[in-house]
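Accompanying notes for the structure given below.
The values are calculated or read from the model by the stated rules, or taken from the named source; none is laboratory data. What you see is a predicted model; the values in this text were computed from it and never measured. We place every Cβ from the backbone using ideal geometry, glycine too, and count neighbours over all the protein chains shown.
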Amino acid sequence: MLGGVGYFFGASKVQSQYTKEPVPYWRAPLYTGVPSRSFFPRGFLWDEGFHGLLIGRWSPDIQMDIAAHWMDLINVEGWIPREQILGAEALARVPKEFVVQSNAAANPPMLLIQLAHMVKIRPELFVSGSKHRNTLDRMYSRLQAWYQWFQISQRGDEPTSYRWRGRDDDGLQLNPKTLTSGLDDYPRASHPSDIERHVDLRCWMFAAADAMTTIADVLQRDSSKYEATRDQLADEDLLNDLHWSSHTQTYADFGLHTDAVKLVRQQPKSPNEGARVVRSVAAPPQPRLVTSAFGYVSLFPMLLKVLKPDSEKLGKILEDLDKPDLLWSPYGLRSLSKSAPLYMKRNTEHDPPYWRGQIWIPINYLALSSLKHYAKSDGPYRARAAELNARLRDNVVRNILNEYKRTGYLFEQYSGEDGKGSGCKPFNGWTALVVLIMADEY
């Protein structure tokens with residue numbers, strides 16, 4: 001991972017509601033890790049939060065420097081471009097349609113959560129007068145602005161609901177992507193609309209409010225508004241009213257949805273026109289919970305420790321977690337249930353599945369972290385969480401090491417069917433969290 005830390009300089013191309021065409025961001029440096037030097041030679045905002053969990057333990061100096069560089073990219077609105085495509089090398093690896101960054105586009109606030117985590121596990125680094133406390137103090141106004149930008153720009157129609165922006169239905173995608181969530185093609189509501197509610201984003205905002213409370217407290221600032229938001233988002237009744245399905249006994253997104261979709265080859269309208277593969281919709285969408293897409297998103301109330309240790313909903317998640325026909329595999333937790341309609345389905349003719357069944361290490365890391373948390377907390381599911389933690393940890397570590405021995409690489413993702421590495425390689429970004437998993441450090 002440290003071999004992927006680099007120094008970049010340049011200006012992103014950005015688009016806002018106030019500009020007709022993309023314009024250059026200011027020219028700026030960025031000291032950051034990258035997911036893969038050969039395939040993703042650029043900074044990704046939410047990836048960097050996961051990178052920091054490992055880098056910060058090895059060298060707090062490097063991690064605080066990285067975080068400070070990212071915070072220096074915040075604009076007057078409190079927005080940070082989620083991909084930093086700076087310089088010719090980075091630009092050469094990015095498809096043209098992904099170069100422009102929209103100022104409505106978020107990315108999970110993992111970097112904020114990582115900073116608060118460092119404060120919790122290394123409090124001696126942030127005592128009064130220390131260099132890291134002084135750096136954090138200088139960052140604080142930017143962290144406040146970033147947090148507030150989320151609260152304003154990503155809020156949903158219903159109180160305490162949130163919605164990822166940036167979902168566009170072009171008629172070609174089986175399920176329009178949500179790139180801003182970090183989970184790309186993970187199935188959401190089939191027809192994007194303003195009524196959507198995204199359970200993962202709501203949980204991220206709980207974690208962000210908790211992180212701001214921690215940081216404000218260590219800096220001896222007023223944390224009351226962050227604490228109030230955290231407590232409101234931790235209210236299980238409010239969460240359940242928005243996202244719990246009494247029918248399937250699972251958490252889910254809400255929106256205009258139908259499962260009656262498929263990709264079909266459209267007959268060309270003229271001899272000179274090629275046949276296109278488009279989405280066919282056999283039944284109109286209805287406002288509903290997207291319960292057919294059980295997977296990582298369904299786990300977020302557990303992953304980010306929103307649920308209390310005695311929550312019955314936690315017990316149901318732990319029960320479902322252990323089912324091989326859903327997410328459990330001998331190699332780690334799959335991103336999408338084997339019973340889901342879009343399990344391992346292509347999103348377009350040229351777009352293979354990405355977060356539709358493959359095993360991703362950062363989410364498995366969050367799962368292990370939360371299972372350890374619940375195993376250490378008093379509650380009726382303590383023993384169950386400990387048992388699942390031990391088995392999942394063994395599965396994840398064993399498979400990554402077996403694949404490393406077989407190929408010499410860490411991979412972007414792993415197959416939920418046979419555990420083989422897939423996606424790009426070498427991928428020494430968040431897959432390197434296996435080091436922390438082996439050390440049982442979360």
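Structure notes:
- Index of the failed condition, residue 112 passing every other in (1) assigned to a loop (DSSP other than H, G, I, E, B); (2) crowded, with 22+ Cβ neighbours inside 10 Å: (1)
- The set of residues in the range 52-85 being more than 19 Å from residue 29 (Cβ to Cβ) and in contact with a Phe, Trp or Tyr (Cβ under 7 Å, 6 or more places away or on another chain) consists of 77, 78.
- Looking only at the range 369-391, and only at residues there that are of a type in the set (A, V, I, L, M, F, W, C) and out of contact with any Leu (no Cβ under 6 Å at 6 or more places or on another chain), the one that is nearest to residue 428 (Cα to Cα): 390
- Every residue from the range 42-65 that is of a type in the set (Phe, Trp, Tyr) and not in a helix (DSSP H, G or I): 44
- Candidate set from the range 122-150 (those that are without any contact (Cβ under 8 Å) to a residue 24 or more places away in the chain and in a helix (DSSP H, G or I)); member that is surrounded by the fewest Cβ atoms within 10 Å (Cβ to Cβ): 124
- Residues satisfying the stated conditions in the range 1-30, i.e. exposed (fewer than 10 other Cβ atoms within 10 Å of the Cβ) and either at positive phi or without any contact (Cβ under 8 Å) to a residue 12 or more places away in the chain (or both): 18, 20, 21
- Residue in the range 208-224 that is among the aliphatic types (A, V, I, L, M), modelled with pLDDT of 95 or more, within 30 Å of residue 353 (Cβ to Cβ) and crowded, with 24+ Cβ neighbours inside 10 Å present: yes
- Tallying residues that are more than 18 Å from the chain's Cα centre (by Cα) and part of a helix (DSSP H, G or I) within the range 151-166 yields 1.
- Top-ranked residue in the range 66-109 [being touching a helix residue (DSSP H, G or I) at 6+ places or on another chain (Cβ under 9 Å) and assigned to a helix (DSSP H, G or I); ranked as surrounded by the fewest Cβ atoms within 10 Å (Cβ to Cβ)]: 98
- Screening the range 37-50 for residues that are modelled with pLDDT under 95 and not charged (D, E, K, R) and picking the one that is surrounded by the fewest Cβ atoms within 10 Å (Cβ to Cβ) gives 38.
- When the helices (runs of 4 or more DSSP H) confined to the range 344-442 are screened for residues that are basic (Lys, Arg) and in contact (Cβ under 8 Å) with a residue 60 or more places away in the chain, those reaching at least 1 such residues are found at 361-376, 382-407.
- Some residue of the range 382-405 being of a type in the set (Phe, Trp, Tyr) and closer than 18 Å to residue 302 by Cα: no
- Among the residues of this structure, residue 66 counts as one that is touching a strand residue (DSSP E or B) at 6+ places or on another chain (Cβ under 9 Å) and modelled with pLDDT of 95 or more.
- Exactly one residue out of 172, 183, 179, 112 is more than 30 Å from residue 241 (Cβ to Cβ) and among the hydrophobic types (A, V, I, L, M, F, W, C): that is 172.
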